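Visitor: Attaching a single structure in structure tokens format; questions to follow.
The values are calculated or read from the model by the stated rules, or taken from the named source; none is laboratory data. Everything quoted here is computed from the prediction, not taken from an experiment. Neighbour counts are summed over all protein chains in view; Cβ atoms, including those assigned to glycine, are modelled from backbone coordinates with ideal geometry. For the accessible areas, the whole protein counts, side chains as well, though only heavy atoms, and no ligand, DNA or RNA atoms are used. Shrake-Rupley method; radii C 1.70, N 1.55, O 1.52, S 1.80 Å.
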Amino acid sequence: MTRRLPVLLSGLLLIAGLPLAREAAAAPRYAVPAAVRVNIAGLGTSYAILSSTGTVAVTRASGEVVYQGGLRTLTRTNVRRLAEGGGIDLPPTNTNVTDLSPEERQSRARLFREARQAVREEPRALVNVPFQFAVLRNDGDDVGMPLIASDRVVGLHFATDDGFLTFDGRAFRGTFDLALDDEGDMIVVNEVPTSEYLASVVGSEEPSSWEPEALAAQAIAARTYLVTHLARHRAYDLEGDTRDQEYDGVGGEAASTVKAVARTAGVIATYQGRAIEALYSANAGGITEDSENVYASALPYLRSVPSPADDVAKTSSWGRTSWEWTTELTAPQLRDYLAVRGLNVGDVQRIEITSVSKTGRVIGARIVGSTGSRDIGKDASRRYFGLRSTLFTVAVRPPDETEFVSYTNTERLRTLELLGATIDAPAYTRLIDPDRETSEIRVVGWIYRLPARFVFTGKGYGHGVGMSQWGAQGMALQGRTASEILTHYYTGIALTNIGGA
């Protein structure tokens, strides 16, 4: 775990020519650590291929070298193997066999046949190895040559001095460590210099082609979030996904994000001398939300503010659905969707909006079904209904409505297929020749008959508290600075240089 060493606040910083306010002398002292440890394996992994674009050195905690070379390595938990004959490792069941050659598929099938036969002859022939570390001999090898077998996850350290380390198809700077998360699942921890971590976060959270002032604002928000969320896990500092901040390793970096981190080095957002909870989301839908309507506490700097620049997303081919969106679900689909999330009320009959914030966000709803009802509050409706934000309305549409859809509208055609809509009739257009006679009839689309469904119509993407990333981009396009963007979204804050990356 990276220790945070106290440093004196280093005074003022200029961003885009604007002086930043000095914090109170009695304020808590923060420091940006030189390196951070990030869990890049999400909720844990049972099958991790770890390698390098160059060579990799794998060592135990004692310093003993387990492997050094250019082959890919494999760590697995709960490995099934045949005990007789010295043991035969079985391939993982999650491999896509269509990616294998005919010879590899035959070898895989043979191993499973041997396993089934051995178990029929001797039920105890199939044993479980809690942890295994192996070297993969070629691209088609998904079992490998075992180097370590253990009754527990072995802490291994991965380093390279001539390339990047790779995991799950992504490349990373720094080093890897096998560790256990707070729930005891195997994870991969990437220890990386903080400046490189932040450069990746900025480019993972926002397009690196965005305006420099928007990227600078994101860099300061990300750094502030970092210093206030250290030391919350036993084996690492931060999650490498949206539970903390999105972190895609080298793939998130760009010259623009590296520059955004460098030009704001050491700067964090503070309120009355304390680093703030620098929350942000993709698009506030035109207005941000008071923190207590989403989270537990009412924080004075996380107040609802207008965010009109969010609408810049509507001109983006990929970002427009973060500005305005529609989600449709039939009653059976909604029932199954809720059940997967642990909410069972039978067939959903209606959804009642019981409380709405001053911004228009739903902060209370009741789901009424054939076997009961359930109240949900605050931001939970996003999760239960699978919506982009809580800034929505919901309507029930009757069965047998019809809708024309052009054959070029592939997105809508896909949605109707998922809804189980049926084609009522084709739609035609007539081509008229110079003699005003019909020369050709063409099919231009279809008339669909739709089932009864719940239609959620909304704006925005994310929880809506704090900085809106699309809003920051819109403000930057209007000529606003990073300082102006941050002081708009975080009420009453100052920007303080505490030194470091």
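Visitor: Can you pull out the residues in the stretch 359-389 that are within 18 Å of Ser297 (Cα to Cα) and in contact with a Ser or Thr (Cβ under 7 Å, 6 or more places away or on another chain)?
Guide: Correct list: Thr359, Arg361, Val362, Ile363, Gly364, Asp379.
Visitor: I've got another one for you. Being in contact (Cβ under 8 Å) with a residue 60 or more places away in the chain and surrounded by 14 or more Cβ atoms within 10 Å (Cβ to Cβ) is the requirement here; does Gly464 meet it? Walk me through it before giving the result.
Guide: On the way: in contact (Cβ under 8 Å) with a residue 60 or more places away in the chain: yes; surrounded by 14 or more Cβ atoms within 10 Å (Cβ to Cβ): yes.
So Gly464 passes the test.
Visitor: Related question: Name the pairs: first residue in the stretch 311-324 and in contact (Cβ under 8 Å) with a residue 60 or more places away in the chain, second residue open to solvent by 100 Å² or more (accessible area, probe 1.4 Å) and not β-branched (Val, Ile, Thr), Cβ to Cβ under 7 Å, at least 6 apart or on different chains?
Guide: Once the first residue is in contact (Cβ under 8 Å) with a residue 60 or more places away in the chain and sits in the stretch 311-324, its partners that are open to solvent by 100 Å² or more (accessible area, probe 1.4 Å) and not β-branched (Val, Ile, Thr) give Ala313/Arg320; Ser322/Tyr461; Trp323/Lys314; Glu324/Lys314.
Visitor: Further question: Report the residue count in the stretch 244-265 for those that are part of a loop (DSSP other than H, G, I, E, B) and either hydroxyl-bearing (Ser, Thr, Tyr) or modelled with pLDDT under 95 (or both).
Guide: 2
Visitor: Could you look through the stretch 30-62, keep only residues that are open to solvent by 60 Å² or more (accessible area, probe 1.4 Å) and either assigned to a strand (DSSP E or B) or hydrophobic (A, V, I, L, M, F, W, C) (or both), and pick out the one that is farthest from Thr270 (Cα to Cα)?
Guide: Selected residue: Arg60.
Visitor: What's the number of the only condition in (1) assigned to a loop (DSSP other than H, G, I, E, B); (2) within 30 Å of Ala472 (Cβ to Cβ) that Asp141 fails to meet?
Guide: (2) is the only condition that Asp141 fails.
Visitor: Go through the stretch 451-501 and give me each residue that's of a type in the set (A, V, I, L, M, F, W, C) and in contact with a Lys or Arg (Cβ under 7 Å, 6 or more places away or on another chain).
Guide: Ala452, Val455
Visitor: Restricting the stretch 219-232 to residues that are part of a helix (DSSP H, G or I) and not hydrophobic (A, V, I, L, M, F, W, C), which is surrounded by the fewest Cβ atoms within 10 Å (Cβ to Cβ)?
Guide: Applying the filter and picking the extreme gives Thr228.
Visitor: Out of the stretch 328-349, which residues are of a type in the set (Lys, Arg) and either in a helix (DSSP H, G or I) or modelled with pLDDT of 95 or more (or both)?
Guide: Selection gives Arg335 alone.
Visitor: Restricting attention to the stretch 272-287, and to residues there that are assigned to a strand (DSSP E or B) and open to solvent by 40 Å² or more (accessible area, probe 1.4 Å), which single residue is modelled with the lowest pLDDT?
Guide: Going through the qualifying residues, I end up with Arg274.
Visitor: Mind listing whichever residues of the stretch 470-485 are crowded, with 22+ Cβ neighbours inside 10 Å and farther than 25 Å from Trp318 by Cβ?
Guide: Ser483
Visitor: Name every residue in the stretch 369-424 that is without any contact (Cβ under 8 Å) to a residue 60 or more places away in the chain, within 15 Å of Tyr448 (Cβ to Cβ) and of a type in the set (Gly, Ala, Ser), in order of residue number.
Guide: Ser406, Ala421
Visitor: Which one of these does Arg350 not meet: (1) surrounded by fewer than 18 Cβ atoms within 10 Å (Cβ to Cβ); (2) touching a residue at least 40 places away in the same chain (Cβ under 8 Å); (3) farther than 21 Å from Thr390 by Cα?
Guide: Single failed check for Arg350: (3).
Visitor: If you don't mind, another one. Output yes when any residue across the stretch 168-182 is out of contact with any strand residue (DSSP E or B) (no Cβ under 8 Å at 6 or more places or on another chain) and within 15 Å of Ser52 (Cα to Cα), and no when none is.
Guide: yes
Visitor: Which of the residues that make up the stretch 316-336 are touching a strand residue (DSSP E or B) at 6+ places or on another chain (Cβ under 9 Å) and open to solvent by 70 Å² or more (accessible area, probe 1.4 Å)?
Guide: Glu324, Thr326, Arg335
Visitor: Within the group Ala269, Ala313, Ala265, which residue is of a type in the set (A, V, I, L, M, F, W, C), within 14 Å of Gln469 (Cα to Cα) and either surrounded by 19 or more Cβ atoms within 10 Å (Cβ to Cβ) or more than 24 Å from the chain's Cα centre (by Cα) (or both)?
Guide: Checking each option against the conditions leaves just Ala313.
Visitor: Scan Thr359, Thr354 and give me the residue that is part of a loop (DSSP other than H, G, I, E, B) and of a type in the set (Val, Ile, Thr).
Guide: Going through Thr359, Thr354 in turn, the sole match is Thr359.
Visitor: Does the stretch 63-80 contain any residue that is touching a helix residue (DSSP H, G or I) at 6+ places or on another chain (Cβ under 8 Å), modelled with pLDDT under 95 and not in a strand (DSSP E or B)?
Guide: First pass over the stretch 63-80, keeping only residues touching a helix residue (DSSP H, G or I) at 6+ places or on another chain (Cβ under 8 Å): 80.
In the following step, the residues that additionally are modelled with pLDDT under 95 were identified as 80.
Then drop every residue that is not not in a strand (DSSP E or B), which leaves none.
No, there is no match, as no residue in the stretch 63-80 is touching a helix residue (DSSP H, G or I) at 6+ places or on another chain (Cβ under 8 Å), modelled with pLDDT under 95 and not in a strand (DSSP E or B).
Visitor: Say whether the condition of being assigned to a loop (DSSP other than H, G, I, E, B) and touching a Pro at 6+ places or on another chain (Cβ under 9 Å) is met by at least one residue in the stretch 456-464.
Guide: No, that holds for no residue.
Visitor: Which strands (runs of 3 or more DSSP E) sit wholly inside the stretch 374-450 and have at least 2 residues that are modelled with pLDDT of 95 or more, in contact with a helix residue (DSSP H, G or I) (Cβ under 9 Å, 6 or more places away or on another chain) and surrounded by 15 or more Cβ atoms within 10 Å (Cβ to Cβ)?
Guide: 392-397, 438-450
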